[in-house]
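Structure first, then comments.
No value in this document is a laboratory result; all are computed from the given coordinates. These numbers come from a predicted model, not from an experiment. Here the Cβ is made from the backbone with ideal geometry for all residues, glycine too, and neighbour counts use every protein chain on show.
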Amino acid sequence: MMRSLHLCTLLVVFSGLWTSMGWAQVSGGAHESQQPGAREAEQPVGMVSEPCPEPLVLPAGVHDLLVELFVEPRKLTGADLDRLTRNPQFMELTQTNRQRGAQDWAGLCHYRAANVSASTAAVAPRVVFMGDSITENWGLADPQLFERGILNRGISGQTTPQMLVRFREDVIALKPRAVHILAGTNDVAGNTGPSRPQDFKNNIMSMVELARAHGIHVILGSIPPAAAFNWRPQVQPVPQIRELNQWLRDYAAHNGCDFIDYYSALGGAAGELKPELGNDGVHPNRDGYRIMRTLLEKRLAQYVR
């Protein structure tokens, strides 16, 4: 790969790594899941009793590199990109991920094994975090948050229609007391194709109504700030993010949901993610997640006692 690789290319690769992966845990543990790069079994066809392959294990070396580049506060460079994209394990993960993602658009297999484990855990699920990479990466930046029955069900790259499809399996079936929904960045970016603002609103409303019908309290998070998307340079996200956040605030107020304003805490005057709070302009780093946790903790306390 040429050393002139741009940041946008890295972000596409990084985002694609996580989609529908279904990580079991970092390798080196006792869970016997499929190692990346192993030959994929023949894909099942049609409606079958078990369509999901074994969860993949995230190699410790790749985990540590992702944390170094995207979680620890720093300014990314071309040399950083080369370190990631030339990593053989990362390359194998990306290839396997693409194969699996083509068969599982909504990511239903991503957390299926983890959901089975959660349903029989000593501590019952209390709060589920539903979202995209900003939620999924939160587990890299602050793994201690996801204890005491707080479960992370973020999938990188996802939009709200994908989340809605898996909402029953990844939220309702776990019977939590509350769900934290943090979504919209990839809808604005058009990751799964063009859509209307109303489509995003419809998907949020459907998830809220499903949760409330099952006695699950809803915490809605604002869409975090971003002045640009490196993988969608033609999109100007600031006006849409601001408009959708105002709708989320109003909808939450009129429908008995909590609303967490991450946007104001993380954003600069021009609608950008403050550079000291995110390494790539879209995803918070450890300092950004620390602020997010501070905003959220009071709301979580009543559900994790």
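Note on V45 and D261: the extension gain reaches 73.4 nm, defined as 0.36 nm multiplied by sequence separation minus the Cα-Cα distance.
Among E42, E72, E276, the largest mean-square fluctuation in a Gaussian network model of the chain (Cα springs under 10 Å) belongs to E42.
Here T85 and E209 are evaluated by their C-beta separation; at R0 = 51 Å the FRET efficiency comes out at 0.75. Of all aspartates and glutamates in the structure, the ones whose alpha carbon falls short of 20 Å from that of K298, not counting any fewer than 8 places away in one chain, are D142, E147, D258, D261, D287. Largest GNM mean-square fluctuation across Q236, Q99, Q198, computed for the chain with C-alpha springs under 10 Å, falls on Q198. Given the options D170, D280, D258, state which has the largest fluctuation in a GNM of the chain using a 10 Å cut-off (strictly under) for Cα springs. So, out of D170, D280, D258, the one fluctuating most is D258.
Here's the list of lysines a cross-link from K274 could span, going by alpha-carbon distance under 19 Å and ignoring same-chain residues fewer than 8 apart: K75.
Each peptide in 156-164, 133-141, 48-56 receives the mean, over its residues, of other Cβ atoms within 10 Å, and ordering these scores from highest gives 156-164, 133-141, 48-56. Here the extension length gained between Q236 and Q95 equals 47.7 nm, from 0.36 nm per residue of separation less the Cα-Cα distance.
Over region 112-301, the reciprocal of the mean inverse Cα-Cα separation, the Kirkwood hydrodynamic radius, stands at 16.5 Å.
With the simple model of a label 7 Å out from the Cα in the direction of the Cβ, E68 to R293 spans 2.3 nm. Distance from the C-alpha centroid of region 57-74 to that of region 257-279: 23 Å, rounded to the whole angstrom.
Neighbour counting of Cβ atoms within 10 Å sorts the residues F259, F70, F146, fewest neighbours leading, into F146, F259, F70. Spin-label model, A253 to W105: label points 7 Å out along the Cα-to-beta-carbon direction sit 3.7 nm apart.
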